[in-house]
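Step one of this worksheet: look at the structure below.
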Amino acid sequence: MWVKCPQCGEILYHKDIAKNLKVCQKCNYHFRLTAQERLQFTLDEGSFKEFDRDLVANNPLAFPGYEEKLAAAREATGLMEAIVTGEGTIGGYPVVIGVLDSRFIMGSMGAAVGEKLARAAEAALAQRLPLLVFVASGGARMQEGVVSLMQMAKTAAALEALSQARVPYISVLTDPTTGGVAASFGMLGDVILAEPGALIGFTGPRVIEQTIRQKLPEGFQRAEFLLERGMLDMVVHRKQMRSVLVRLLRWYKS
Amino acid sequence: MPTYLDFERPLVELEEKIAELTSFSQEKGLDLSEEIAKLRQRAEELKREIFTHLTPWQKVQLARHPDRPTTLDYIRLLCEEFTELHGDRLYGDDPAVVGGIAWFAGRPVMVLGHQKGKDTRENMRRNFGMPHPEGFRKALRLMLQAEKFGRPVITFIDTPGAYCGIGAEERGQSVAIAQNLARMSFLRVPIIVVVIGEGGSGGALALAVGDRILMQEHAIFSVISPEGCASILWKDASRAKEAAEALKLTAQDLLALGLIDEVVPEPLGGAHRNREGAAEYLRGAILRHLEELEGIPPDELCRQRYAKYRRVGPTFYRGEREECDA
């Protein structure tokens, strides 16, 4: 019932943070959201229609322990895969939407995530609706080997097709966005937004520290740092996210 | 100083003995040709024994062999008039990626690839073939130029991965890789990708989106290094051998999974023992694929490439056993 804010240590009552879109009232720490919460906070009530809910992949490499891991993730999240896709409206503007959930094997991308995202991009193209993706992922899913690596190329190709058709794509990078997901659909938005404090990068900070054998500077790979380096358009507080999206959708709608 | 892998040692010892005996017989004017011939035959047998039964981990070691031919070796062996072009026009020139214009089998082409060093000094300069964003952006610049002038692209893949460091992150490593993937997927000229050594994850893929993906017999391609995989899965990097098996990273495994188009043979004993022979096999394979692709109009070429990547990774609806159409 009581949650400790990982940033400021404040003890928070769960109902209070829920009312505050899961942002710490004291320090503005943005808690990670489930896909269900993200859809609820983003879309107009009752507007969501899900695509490909039951689309799954097999265990292409027969990787030891993978099926058990998938089963546990499904049990824990109530999702079949690490992404939910569909269509809905935001302030009345129709969009095709994808939301990753970091609870599901760290939001990693295997064949099913790649396929659902590519289908969402193709649906957006066919209907000429803007595509909006909330990213939360550690990267490619190791247990699917090169099958998962190739999903980077698959999703990038689907988004390039969308881009050539001049249909807008907005990506919102949330905590965490790294690896093969950052390096494919994460960083390909016409507009790239991020939530405050989100970890965003190619290599995770622990691996970098091990490689270069030095401590990383404070704030390295956080959303604000990427904004400063020119890698994103805006860092948007969760409370402002809907209104910023509406403003973008009004300008970019095809 | 040549380097030998553990499993090559019996062969190397035998080869040394042959060399010793040969020079001894010449010095002393003795006829030992019969003994030498016998040893040579034994060496051939041993080579066949070793190199036709390599484990995935041995392939990883071979793919990383310090004497294995590099991108520049193959460019020189396969092309005429290679002229290296430099820089990304944004920040710098990354020596971990090389590229330029050249002639291949009588036609102008753009060739590029990851470049490892031959020794410690060169490896320091080339960052062991691990590119910064500048390397990926240089590659993209050259590919867009190939498109502009209607020249096919040949890329050679040989990297442990994209570099993980502060500068690489600051200058947008993931942006650079993502943009390469997107632009390469619709480049309006043929792209032939040849994995010649290590195909390390996203840093490899950033030069490896194409119409044909070829892999040399002892090359590898993986989403993560076996060491990295082992340390994540079992918190123990020394179990890399097991991880190498689980990851299905050999050319043979990837062909069976339908993820690459062809395995290009290497001379018995590996490319590092006979680089000219290895290059000849590559020449044949690249030329054959290039000839297949050259007549295809750009729109159709892009359509086929899109379909190729769209198919990767079978998915189906829960409860159904058969795959659904991509």
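The values are calculated or read from the model by the stated rules, or taken from the named source; none is laboratory data. Remember, predicted model here, so these are calculated numbers, not experimental data. Neighbour counts run over all protein chains shown; Cβ positions are idealised from the backbone, glycine included. To get the accessible areas, we keep the full protein, side chains included, count just its heavy atoms, and leave off ligands, DNA and RNA. Shrake-Rupley method; radii C 1.70, N 1.55, O 1.52, S 1.80 Å.
Within segment A:140-177, the residues that satisfy the criterion of being crowded, with 24+ Cβ neighbours inside 10 Å and among the charged types (D, E, K, R) are A:ARG141, A:GLU144, A:LYS154. Filtering segment A:41-67 to residues that are more than 13 Å from chain B (Cβ to nearest Cβ) and farther than 22 Å from A:MET241 by Cβ leaves only A:GLU67. Can you confirm whether segment B:293-300 contains a residue that is assigned to a loop (DSSP other than H, G, I, E, B), surrounded by 14 or more Cβ atoms within 10 Å (Cβ to Cβ), within 8 Å of chain A (Cβ to nearest Cβ) and in contact (Cβ under 8 Å) with a residue 40 or more places away in the chain? Checked segment B:293-300: no residue is assigned to a loop (DSSP other than H, G, I, E, B), surrounded by 14 or more Cβ atoms within 10 Å (Cβ to Cβ), within 8 Å of chain A (Cβ to nearest Cβ) and in contact (Cβ under 8 Å) with a residue 40 or more places away in the chain. Given (1) at the interface with chain B (Cβ under 10 Å from one of its Cβ atoms); (2) more than 14 Å from the chain's Cα centre (by Cα), identify the lone condition not met by A:ASP190. Result: A:ASP190 passes all but (1).
Of all residues in segment A:16-60, which are without any contact (Cβ under 8 Å) to a residue 12 or more places away in the chain and hydrophobic (A, V, I, L, M, F, W, C)? Passing the criteria: only A:ALA18. Highlighted here are the strands (runs of 3 or more DSSP E) found entirely within segment B:1-116 that include at least 1 residues which are open to solvent by 60 Å² or more (accessible area, probe 1.4 Å) and touching a Cys at 6+ places or on another chain (Cβ under 9 Å): B:97-104. Restricting attention to segment A:88-112 and to residues that are within 14 Å of chain B (Cβ to nearest Cβ) and in contact with a Ser or Thr (Cβ under 8 Å, 6 or more places away or on another chain), the residue that is most open to solvent (accessible area, probe 1.4 Å) turns out to be A:MET106. State whether one or more residues within segment A:189-208 are surrounded by fewer than 17 Cβ atoms within 10 Å (Cβ to Cβ), in contact (Cβ under 8 Å) with a residue 24 or more places away in the chain and either over 22 Å from A:GLY107 (Cβ atoms) or in contact with a Leu (Cβ under 8 Å, 6 or more places away or on another chain) (or both). Checked segment A:189-208: no residue is surrounded by fewer than 17 Cβ atoms within 10 Å (Cβ to Cβ), in contact (Cβ under 8 Å) with a residue 24 or more places away in the chain and either over 22 Å from A:GLY107 (Cβ atoms) or in contact with a Leu (Cβ under 8 Å, 6 or more places away or on another chain) (or both).
Yes or no, residue by residue, for (1) open to solvent by 10 Å² or more (accessible area, probe 1.4 Å); (2) facing chain A (nearest Cβ under 10 Å); (3) of a type outside the set (Lys, Arg):
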| residue | (1), (2), (3) |
| --- | --- |
| B:PRO131 | no, no, yes |
| B:LYS138 | no, no, no |
| B:LEU142 | no, no, yes |
| B:ILE192 | no, no, yes |
| B:ARG212 | yes, no, no |
| B:MET215 | no, no, yes |
| B:ILE224 | yes, yes, yes |
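Only residues that are in contact with a strand residue (DSSP E or B) (Cβ under 7 Å, 6 or more places away or on another chain) and not in a helix (DSSP H, G or I) were counted across segment A:32-68, and they come to 13. The lone criterion from (1) more than 14 Å from chain B (Cβ to nearest Cβ); (2) loosely packed, with under 13 Cβ neighbours inside 10 Å; (3) not small (Gly, Ala, Ser) left unmet by A:GLN7 is number (2).
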